[in-house]
Amino acid sequence: RVLFRSPYQAFDEGDYETAYAGFYKLAKEEENLAAINYLGVMHYLGYGRKRDVKVARQWYEVAANKGFAGAQFNLGNIYANGEGVKRDFTKAYMWLYIANNYGHEQANKRMSLLLRYRKLFPNQAMHAKDLAENFINASKQ
């Protein structure tokens, strides 16, 4: 008999209501960045909630601004795809660069794809890197 099921386990088992409640509690009580990102994922995918990319973006922004690479990657993709926001490849590249800096395994590949398919000019990529470096340096202080 299981007395406690983590929200991660509930999510993996498809019990999205339990998962959402657990992630919400972790987010609010402990400011758990992975839980905050999962809340964004659940809104983005419509798991246990109505699909709402704008709400997903708000959750991602909270975790991304506090240094969570998964949320930074997700935010980069939202800007690259123009989902719930005006498509902005400079912002997308900036967030992907930050995610890559924080160790996200897929961020570098996604950045390369943006460049390969000429979604932004080299000067835009340099500007995005400058913005990302400013974010990274500010977060170290």
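A residue that is more than 28 Å from PRO122 (Cβ to Cβ) and among the hydroxyl-bearing types (Ser, Thr, Tyr) cannot be found anywhere in segment 53-76. Out of ARG5, ARG87, one residue alone is outside any helix (DSSP H, G or I), open to solvent by 60 Å² or more (accessible area, probe 1.4 Å), more than 23 Å from HIS127 (Cβ to Cβ) and out of contact with any Pro (no Cβ under 7 Å at 6 or more places or on another chain). It is ARG5.
Tell me, please, whether a residue that is surrounded by fewer than 17 Cβ atoms within 10 Å (Cβ to Cβ), within 23 Å of ALA99 (Cβ to Cβ) and of a type in the set (D, E, K, R) can be found in segment 18-28. Scanning segment 18-28, I find no residue that is surrounded by fewer than 17 Cβ atoms within 10 Å (Cβ to Cβ), within 23 Å of ALA99 (Cβ to Cβ) and of a type in the set (D, E, K, R), so the answer is no. In segment 105-133, the residues that are at negative phi reach residues that are of a type in the set (Gly, Ala, Ser) and at pLDDT 95 or above with C-beta atoms within less than 6 angstrom, at least six apart or across chains, in these pairs: ALA107/ALA99. Taking segment 47-67 as the range and being over 16 Å from ALA99 (Cα atoms) and of a type in the set (Gly, Ala, Ser) as the test, the residues that pass are GLY48, ALA56.
For segment 43-61, taking the residues that are open to solvent by less than 60 Å² (accessible area, probe 1.4 Å) and either among the hydroxyl-bearing types (Ser, Thr, Tyr) or out of contact with any Gly (no Cβ under 6 Å at 6 or more places or on another chain) (or both), the one that is farthest from GLU17 (Cα to Cα) is identified as GLU61. Among the residues of segment 90-128, those identified as of a type in the set (D, E, K, R) and either within 18 Å of the chain's Cα centre (by Cα) or in a loop (DSSP other than H, G, I, E, B) (or both) are LYS91, GLU105, LYS109, ARG110, ARG118, LYS119. Within segment 129-141, being under 21 Å from the mean Cα position of the chain (by Cα) and either open to solvent by 60 Å² or more (accessible area, probe 1.4 Å) or within 17 Å of ASN81 (Cα to Cα) (or both) holds for LYS129, ASP130, LEU131, GLU133, ASN134, ASN137, ALA138, LYS140.
The values are calculated or read from the model by the stated rules, or taken from the named source; none is laboratory data. What you see is a predicted model; the values in this text were computed from it and never measured. Every residue, glycine among them, receives a Cβ derived from its backbone with ideal geometry; neighbour counts consider all protein chains shown. Just so you know, the surface numbers come from the protein's heavy atoms only, side chains and all, with ligands and any DNA or RNA stripped out. Shrake-Rupley method; radii C 1.70, N 1.55, O 1.52, S 1.80 Å.
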